[in-house]
Amino acid sequence: AQSVSQHNHHVILSEAASLELGCNYSYGGTVNLFWYVQYPGQHLQLLLKYFSGDPLVKGIKGFEAEFIKSKFSFNLRKPSVQWSDTAEYFCAVNAREYGNKLVFGAGTILRVKS
Amino acid sequence: DAGVIQSPRHEVTEMGQEVTLRCKPISGHDYLFWYRQTMMRGLELLIYFNNNVPIDDSGMPEDRFSAKMPNASFSTLKIQPSEPRDSAVYFCASSPLAGGSYNEQFFGPGTRLTVL
């Protein structure tokens with residue numbers, strides 16, 4: 001079965017610091033990759049997605065992620081975080097042979113200190 | 001579009017009672033998903049439908065849980081009887097079918113269920 005690992009459960013940063021959240025998955029076939037964000041008390045929203053093409057994907061709010069196939073990784077980055085980025089971030093993977101299911105990582109809670 | 005709509009937003013009930021959660025997907029979306037989110041287990045897929053037909057219910061925890069989708073614009077998740085360990089936030093999501101390729105899921109605001 002496929003699994004998704006997010007390395008850090010809690011991250012605390014000061015404003016303007018750079019962010020990198022790790023995500024690794026176990027499935028070796030063709031995958032679609034996603035990062036979702038959940039702001040406090042709200043529902044999940046899509047930050048960015050990768051299906052094919054350029055492995056460096058740009059998302060909303062200045063976020064980007066890089067797909068490195070050889071490392072089975074899809075790390076999320078932002079060069080300078082803001083207090084409003086405080087949220088929980090979920091990496092998710094779909095392997096096409098598993099149908100339309102998304103498998104989510106455990107999530108990383110980011111707190112940005114102002 | 002109003003997005004995925006869920007009701008109620010909050011539900012508090014007593015152990016043993018029946019609970020029904022409701023979801024209205026985005027119009028035109030072919031896929032509907034039910035998830036449960038807890039601190040201990042994170043975000044888990046319970047079941048998903050394609051064109052109103054259940055495709056994969058392997059995530060449904062036990063027979064106390066059931067889900068239906070009588071038409072393209074409505075789905076229910078029922079727990080009977082409810083237990084305290086069912087306390088969680090339940091999310092519904094929908095997804096369009098775009099040329100046969102997988103597409104993103106759009107999430108509803110969730111129902112926070114507390115079973116006393």
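The values are calculated or read from the model by the stated rules, or taken from the named source; none is laboratory data. Bear in mind the structure is a predicted one, so any value in this text is a computation, not a measurement. Quick reminder, even Gly has a Cβ in these numbers, built from the backbone with ideal geometry, and neighbours come from all protein chains shown.
Residue-by-condition table, conditions (1) in contact (Cβ under 8 Å) with a residue 60 or more places away in the chain; (2) surrounded by 13 or more Cβ atoms within 10 Å (Cβ to Cβ); (3) over 24 Å from B:Val89 (Cβ atoms); (4) touching a Leu at 6+ places or on another chain (Cβ under 6 Å):
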| residue | (1), (2), (3), (4) |
| --- | --- |
| A:Asn24 | no, yes, yes, no |
| A:Val31 | yes, yes, yes, no |
| A:Val37 | no, yes, no, yes |
| A:Phe51 | no, yes, yes, no |
| A:Phe74 | no, yes, yes, yes |
| A:Gln82 | yes, yes, yes, no |
| A:Asn94 | yes, yes, no, yes |
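Scanning the range A:32-53 for residues that are within 11 Å of the chain's Cα centre (by Cα) and among the hydrophobic types (A, V, I, L, M, F, W, C) gives A:Leu33, A:Phe34, A:Trp35, A:Val37, A:Leu46, A:Leu47, A:Leu48.
So, B:Glu18, is that one at pLDDT 95 or above and in contact with a Leu (Cβ under 9 Å, 6 or more places away or on another chain) or not?
Values: at pLDDT 95 or above: yes; in contact with a Leu (Cβ under 9 Å, 6 or more places away or on another chain): no.
Judged against the criteria, B:Glu18 is not a match.
Restricted to the range B:31-54, and to residues that are of a type in the set (A, V, I, L, M, F, W, C) and surrounded by fewer than 16 Cβ atoms within 10 Å (Cβ to Cβ), which residue is farthest from B:Gly16 (Cα to Cα)?
Step one: of the range B:31-54, the residues of a type in the set (A, V, I, L, M, F, W, C) are B:32-34, B:39-40, B:43, B:45-47, B:49, B:53.
Imposing the further condition that a residue be surrounded by fewer than 16 Cβ atoms within 10 Å (Cβ to Cβ) reduces the set to B:39-40, B:53.
Working: B:Met39: 23, B:Met40: 22, B:Val53: 29 Å.
The qualifying residue farthest from B:Gly16 (Cα to Cα) is B:Val53.
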